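Heads up, the thing below is written out as structure tokens.
The values are calculated or read from the model by the stated rules, or taken from the named source; none is laboratory data. These numbers come from a predicted model, not from an experiment. In this analysis, Cβ positions are derived from the backbone assuming ideal geometry, glycine residues included, and neighbour counts consider all displayed protein chains. Note: accessible area is taken over every heavy atom of the protein model, side chains too, but ligands, DNA and RNA are not part of it. Shrake-Rupley method; radii C 1.70, N 1.55, O 1.52, S 1.80 Å.
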Amino acid sequence: MATKNIIANLNKGEKLTGTNYDIWHKKMTFLLNEPPEGNNAQSRRDFEAFETWSKKDRCARFTLLNCMHDDLIGAYEHYATGKEMWDQLRFDFGG
């Protein structure tokens, strides 16, 4: 269901125009980035657990970045997880 919401938000949001590629690319990278799948039973179980977490984390990161002005994205896109980004935002802007 979260993926459907992301897609719906993408459809309503800024589209690639040819002049906004850099910011569009940053937003799409967070949405589409996935690790490769393993080929044994344990790897598949690990991948499934990681995939579940990763989808939630990507959704959180995308949501945070999507709710920022474009000029702030570069300062926060490098955080590896949504939690790290959230903590830094709280540090930078919290009371």
### Task
For residues that are at pLDDT below 75, part of a helix (DSSP H, G or I) and over 18 Å from Trp86 (Cα atoms), scanning just region 20-42, find the one that is least open to solvent (accessible area, probe 1.4 Å).
Met28
### Query
Among all residue pairs at least 6 apart or on different chains, which show Cβ distances below 8 Å where the first residue, located in region 64-89, is within 21 Å of Trp53 (Cα to Cα) and open to solvent by less than 50 Å² (accessible area, probe 1.4 Å) and the second is aliphatic (A, V, I, L, M) and not in a helix (DSSP H, G or I)?
Tyr76/Met68
### Residue in region 43-95 that is nearest to His25 (Cα to Cα), counting only those that are outside any helix (DSSP H, G or I) and under 15 Å from the mean Cα position of the chain (by Cα)
Glu77
